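Worksheet: the structure to be examined is printed underneath.
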Amino acid sequence: MSKHHVTSTVNGEPVEFLCEPQETLLDILRDQLDLTGSKEGCSSGDCGACSVTIDGRLVCACLVLGAEAEGRKIETIENMAEGDTLHPLQQKFLEEAALQCGFCTPGFLVAAKSLLDRNDNPTETEVRYWLAGNLCRCTGYDKIVKSVMDVAAEMRGE
Amino acid sequence: MHDFAYHRPQSLEDAANFLRTAEDPLLMAGGQTMIPTLKQRLAAPSDVIDLAEVPGLVMIDVKKAQVSVGAMLTHASVASSPEVQAALPALAGLAGNIGDMHVRNRGTLGGSIANNDPAADYPAALIGLGATVHTSKRQIAADDFFTALFETALAGDEIVTSVDFPVPELAAYMKFDHPASRYAVVGVFIAKFGTDVRAAVTGAGPCVYREAQMEEALTRDFSPSALADMTISPDGMNTDLYAGPEYRANLVKIMATRAVEAALKGGG
Ligand SMILES: Cc1cc2nc3c(=O)[nH]c(=O)nc-3n(C[C@H](O)[C@H](O)[C@H](O)COP(=O)(O)OP(=O)(O)OC[C@H]3O[C@@H](n4cnc5c(N)ncnc54)[C@H](O)[C@@H]3O)c2cc1C
Ligand code: FES
Ligand code: FES
């Protein structure tokens, strides 16, 4: 079938791509735009390894069609560090050992950032509620949740 | 996924036209069920018709006696709407506990009810509140809308546009959720309109239904103790790796009791 010509903004840069209707946004990011930080875990919306934001809203890129990106602003894990300077969440995940194999980590970081962009004083319950769509098979979550709480406290200057 | 043509009609009429003329069309709302279905090759549409740009489907209108929600409103928008939280907290709470944040940012009211998953949450609210579904062709009472497992009264070229929820005196929804997906293993929506009580059950059977003996008992006495001696039959209830019919039957009673308690405390 005919390819779609899609114009969107990815990590602040204007981007154009051609996509088949059945290609997902995750396929486009990884295979065409070489943004391989977003991972494919389940491909069915369960694990959150593919978390990105579209117009500021957290979504699973595996459940978005590439063609839907037309005119939208997409942000991925690649936009988190500034040059060599890690985002405070990335730094804290390293310090607190909030990752083991690391497969879930980009998704958790994108999701946690989207929470802290809205609410810099979340309760533990709010952090767990917000991150419920991100699964980790290694860490047991406590270190991840603690890291997010700690970064929020630092952002508030505590 | 199989190959298909992707369309983004700019009007309800154009969307309905695609449904009438394409060989094997499928509507798409947020894709949260549709895309996984295509990936599993359970469907192979010739044409996917995305409702994202059809005007008028993203609206909330809250009046004293009625909350109207557009078909393309996401679960996140319903959950976070201050007007819905104030007028119908049970509905806002239900929407806020569907799946997870990612799914709530894309999944829609229209997609959820058109799909009629036996474990979905919204069908319980529509039946529990006696809602009215508006479509591109007509109005359908919720009691006539959900017909069987994954089946609804919608015609092939019919599009859900909005749902009107009457505002009750008291209401609450309680679910025992699957810990991974958060779909309802059993969910019960209880609503009281004056002397009329409705009790809708999702997750337990192949399709959402009203539990008549609960409605009668709660009409006589709207209190948790009215349900204490009730036995719910497991006949015909769902069974899966997670829960068998007897377990689900017991959950119906427990969730209903909790919903009555919550409704008396102001809903949620
Ligand atoms: C990981 C995960 C967890 C979930 N957990 C829950 C949960 O806990 N509780 C729950 O209730 N749901 C849950 N869901 C389902 C989710 O809430 C969506 O509402 C549901 O998948 C429908 O998605 P959608 O709105 O994106 O519709 P789509 O997937 O785009 O469409 C679904 C179906 O409805 C049809 N359709 C869509 N819009 C219309 C319309 N306006 N008129 C007529 N037909 C239409 C489509 O053709 C398609 O057949 C979960 C989904 C995922 C992926
Ligand atoms: S890969 Fe998208 S949610 Fe798992
Ligand atoms: S660190 Fe391995 S899945 Fe989370």
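Residue by residue, here is whether (1) assigned to a strand (DSSP E or B); (2) more than 16 Å from ligand 1 (Cβ to nearest atom) holds:
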{"site": "A:T9", "(1), (2)": "yes, yes"}
{"site": "A:L18", "(1), (2)": "yes, yes"}
{"site": "A:R30", "(1), (2)": "no, yes"}
{"site": "A:D34", "(1), (2)": "no, yes"}
{"site": "A:G41", "(1), (2)": "no, no"}
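Looking only at residues in the range B:85-103 that are more than 9 Å from every other protein chain (Cβ to nearest Cβ) and surrounded by 24 or more Cβ atoms within 10 Å (Cβ to Cβ), the one that is nearest to ligand 3 (Cβ to nearest atom) is B:I98. Scanning the range A:28-55 for residues that are within 16 Å of ligand 2 (Cβ to nearest atom), of a type outside the set (G, A, S), surrounded by fewer than 18 Cβ atoms within 10 Å (Cβ to Cβ) and within 13 Å of chain B (Cβ to nearest Cβ) turns up A:E40, A:C42. Tell me, yes or no, whether the range B:113-129 has at least one residue that is modelled with pLDDT of 95 or more, over 22 Å from A:C47 (Cβ atoms) and of a type in the set (S, T, N, Q). Within the range B:113-129, one or more residues are modelled with pLDDT of 95 or more, over 22 Å from A:C47 (Cβ atoms) and of a type in the set (S, T, N, Q). When the range B:148-194 is filtered for residues that are among the hydroxyl-bearing types (S, T, Y) and more than 16 Å from ligand 2 (Cβ to nearest atom), the ones remaining, listed by number, are B:T152, B:T161, B:S162, B:Y173. Looking for whichever is away from ligand 1 (no atom under 16 Å from the Cβ), closer than 20 Å to A:Y129 by Cα and over 10 Å from the mean Cα position of the chain (by Cα) here; the options are A:G56, A:G71. Which one fits? Checking each option against the conditions leaves just A:G56. The number of residues in the range B:17-44 being part of a loop (DSSP other than H, G, I, E, B) and within 10 Å of chain A (Cβ to nearest Cβ) comes to 5.
To keep it simple, each residue is scored yes or no on (1) surrounded by fewer than 16 Cβ atoms within 10 Å (Cβ to Cβ); (2) away from ligand 2 (no atom under 16 Å from the Cβ).
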residue	(1), (2)
A:A69	no, no
A:N79	no, yes
A:V110	no, no
A:D117	yes, yes
A:G133	no, no
A:V148	no, yes
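For the range B:40-51, check the following and say yes or no: at least one residue is touching a Pro at 6+ places or on another chain (Cβ under 7 Å), within 27 Å of A:E68 (Cα to Cα) and among the charged types (D, E, K, R). Checked against the condition, which is being touching a Pro at 6+ places or on another chain (Cβ under 7 Å), within 27 Å of A:E68 (Cα to Cα) and among the charged types (D, E, K, R), the range B:40-51 yields at least one hit. Those helices (runs of 4 or more DSSP H) of the range A:66-158 in which 1 or more residues are among the small types (G, A, S), within 16 Å of ligand 3 (Cβ to nearest atom) and more than 14 Å from chain B (Cβ to nearest Cβ) occupy A:142-155. Just one of (1) among the β-branched types (V, I, T); (2) over 18 Å from B:L154 (Cβ atoms); (3) touching a residue at least 40 places away in the same chain (Cβ under 8 Å); (4) within 9 Å of ligand 1 (Cβ to nearest atom) fails for B:I35. It is (3). Count of the range B:191-230 residues, restricted to those that are assigned to a loop (DSSP other than H, G, I, E, B), hydroxyl-bearing (S, T, Y) and within 19 Å of B:K175 (Cα to Cα), is 1. Across the range B:1-16, which residue is nearest to the other protein chains (Cβ to nearest Cβ) among those that are surrounded by 18 or more Cβ atoms within 10 Å (Cβ to Cβ) and assigned to a helix (DSSP H, G or I)? The extreme case among them is B:A15.
Residue-by-condition table, conditions (1) away from ligand 1 (no atom under 15 Å from the Cβ); (2) touching a Lys or Arg at 6+ places or on another chain (Cβ under 6 Å); (3) under 25 Å from B:L251 (Cα atoms); (4) not in a strand (DSSP E or B):
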| site | (1), (2), (3), (4) |
| --- | --- |
| B:E53 | no, yes, no, yes |
| B:K64 | yes, no, no, yes |
| B:V67 | yes, no, no, no |
| B:V78 | no, no, no, yes |
| B:A95 | no, no, yes, yes |
| B:R106 | no, no, no, yes |
| B:A114 | no, no, no, yes |
| B:L126 | no, no, yes, yes |
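The values are calculated or read from the model by the stated rules, or taken from the named source; none is laboratory data. Nothing here was measured: the structure is a model prediction, and the numbers come from that model. We place every Cβ from the backbone using ideal geometry, glycine too, and count neighbours over all the protein chains shown.
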